Amino acid sequence: MKTIAVIGAGTMGAGIAQLAAKYGCEVHLIDVNADLVKRAVESITKRLDRSVEKGKLSTDERDAIAGRISPSDTITGLGNVELAIEAVVENLDVKHKVFKQLEAETPATAILATNTSSLSVTKIAAALSDPARVIGMHFFNPAPVMPLVEIIAGEASDTAHIDAAYDVAGAWGKTPVRAKDTPGFIVNRVARGFYLEALRLLDEGVGSVYEIDSVMKTHGKFRMGPFELMDLVGLDVNFSVSTSVWQQMDKPERLTPHAIQEKLVSDGHLGRKTGRGFYVYEDGGVMPAHTVDRQSFELSPLTANAILAFSYKAGASEANSTEQYIFTRILAAIINEAGIAYGQGVASSDDIDIAMTKGTNYPKGPLEWADEIGHRNVRGALKALGEVAPGRYDAAALFEE
Ligand SMILES: NC(=O)c1ccc[n+]([C@@H]2O[C@H](COP(=O)([O-])OP(=O)(O)OC[C@H]3O[C@@H](n4cnc5c(N)ncnc54)[C@H](O)[C@@H]3O)[C@@H](O)[C@H]2O)c1
């Protein structure tokens, strides 16, 4: 790709523009708000300056990258664009407006990609007279750093465009995976269990925010615990993804957004960005902000055994029984969602595993983990957890084999 356009110069648009320019593309960076494009270019320049300071980039390279980005506040003059990536606000009407303009202003051969996190690519494409031009290219934040790109085919997407976008992502140093146009694609769907199960455990008084985070980091080798991660991403952003995936999937009980998170969002406690979420961030220190109403719980011997077997095989043999219970509930929920998504043809098992390790830094792909644990043990743990909430942990067909 020689020339591309990025529409929307916010967090994602600025990152994608920087990435493409680094790999030699001429980039039209466009936003409705001229000030925001200016600010985006300034933020890109600052990031490039930091790379120069760290010795990762020469000053000539920095100048060349910055020189390839042309800011604009109108979607015009795109006659030589081969790929346009839309990263405007997550609103279907706004996206339709932008795609109609792109259809008119770019050559008919140009690929039109959306970076949407939660809208249907098929629905976005429906506004165009040639919906075959539209595909999904879902980058992760920060786009210059995060290795994953989910390449999504809508119902009408031209397969040649899908293949070309896959190659472009690879040429830009990314790891692409293919995903079906379903709610949350791979990462934003399979990751739900990490957050929702942690919230339920907190609500049930099984463990505190700190304890649940520690279990997942110490025994699961996750880089961050679920509450730390929600605070980092922003509770509002995370809650809206949970809500969107749940609603679009016809509200399955297992994916129900949690009232604790909803309350924190409505109280304006959005995580690090507001200084308070599940933790308080003050004077450079971090303290849990959420107290737990601790409840004792009892498991039947059958359930306890299933949790023990699952934990041992999953790498948490050193954990005590409460820790193993927390660990099993969270990991089994992630693994089961991955299995259900696989069964629904969302992606191949390899792509699901790649997506979860590269898109959200999981220590292992959930389906690879399930193989190590043994499908029999996975099935056993899920069945046993049905004691907590009948129906919620019904095993994916994959684990019934
Ligand atoms: N932030 C993330 O972590 C993340 C990750 C992956 C995907 N996404 C998706 O990427 C897209 C952008 O997200 P973001 O976080 O960068 O948002 P943002 O709010 O930071 O930026 C959106 C930009 O779009 C601009 N815009 C609005 N209407 C426009 C129009 N008609 N024409 C041109 N520009 C317009 C706004 O002025 C703003 O600068 C969304 O679809 C989001 O779901 C976000």
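The values are calculated or read from the model by the stated rules, or taken from the named source; none is laboratory data. Every value quoted in this text rests on a predicted model; they were computed, and no experiment measured them. Quick reminder, even Gly has a Cβ in these numbers, built from the backbone with ideal geometry, and neighbours come from all protein chains shown. Quick note on the areas: whole protein, heavy atoms, side chains included, nothing else; ligands and nucleic acids left out. Shrake-Rupley method; radii C 1.70, N 1.55, O 1.52, S 1.80 Å.
Quick notes
- Gyration tensor (alpha-carbon) shape descriptor, the range 189-400, a/c threshold 1.5: prolate
- Each DSSP beta bridge with both residues in the chain is either parallel or antiparallel, and the antiparallel ones are about 30%.
- Chain lengthening between Asp283 and Lys100 when straightened (0.36 nm per residue, less Cα-Cα): 61.1 nm
- Burial ranking of peptide ranges 259-265, 180-186 (average Cβ count within 10 Å, highest at the top): 180-186, 259-265
- Normalised contact order of the chain, rounded percent, pairs of Cα under 8 Å and 6 or more residues apart: 13 percent
- Reduced Cα scattering model of the chain, Debye log10 I(q)/I(0), q = 0.09, 0.10 Å⁻¹: -0.57, -0.70
- Treating r as the C-beta distance of Arg39 and Lys180 and R0 as 35 Å, the FRET efficiency rounds to 0.45.
- Using a probe radius of 1.4 angstrom, the carbon and sulfur fraction of the accessible surface of the range 189-400 is 49%.
- For the range 155-190 versus the range 104-150, the spacing of their alpha-carbon centroids is 9 Å.
- Modelled label positions at Gln295 and Arg376, each set 7 Å beyond Cα in the direction of Cβ, lie 3.4 nm from each other.
- Ala304/Thr218 FRET efficiency (R0 25 Å; Cβ-Cβ; nearest 0.05): 0.75
- Options Ile44, Ser72, Ala34, ranked by Cα towards positive dipole end of the range 27-76, top entry (Cβ charges): Ile44
- Gyration tensor (alpha-carbon) shape descriptor, the range 1-117, a/c threshold 1.5: prolate
- Efficiency of FRET from Cβ geometry, Asp250 and Ala171, R₀ 51 Å, rounded to 0.05: 0.85
- Charging the Cβ of each Asp and Glu at -1 and of each Lys and Arg at +1, and nothing else, the dipole of the range 138-282 about its Cα centre rounds to 280 debye.
- Only the Cβ atoms of Lys and Arg (+1) and of Asp and Glu (-1) were treated as charged; on that basis the dipole of the chain about its Cα centre amounts to roughly 360 debye.
- Set Lys313/Lys358; Lys123/Lys180; Lys251/Lys364; Lys56/Lys180; Lys38/Lys97 screened for pairs whose C-alpha atoms are more than 25 Å apart: Lys251/Lys364; Lys56/Lys180
- Given charges at beta-carbon only (K, R positive; D, E negative), |dipole| of the range 57-98 in Debye: 100 debye
- Options Val81, Ala370, Thr122, ranked by Cα towards positive dipole end of the chain, top entry (Cβ charges): Val81
- The range 4-129 - percent of accessible surface contributed by carbon and sulfur, probe 1.4 Å: 51 percent
- Accessible area per residue for the chain, computed on protein heavy atoms with a 1.4 Å probe, is 43 Å².
- Each residue, Glu155 and Asp73, gets one label point 7 Å from its Cα in the Cβ direction; the gap between the two is 3.9 nm.
- 222 nm mean residue ellipticity, helices alone, for the chain (DSSP H n ≥ 4; -39,500 (n - 2.57); rounded to 500): -15000 deg cm²/dmol
- Cut-off 14 Å, label 7 Å out along Cα→Cβ of Ser266, residues of the range 220-260 by amide N: 258-260
- Selection among Gly13, Ala164, Val134 by position relative to the dipole of the range 3-180 gives Gly13 as farthest towards the positive end (Cβ unit charges, Cα centre).
- Close amide H pairs (under 5 Å, H built 1.01 Å from N) link Ser70 with Val27, His28, Leu29, residues at least 5 positions away or on another chain.
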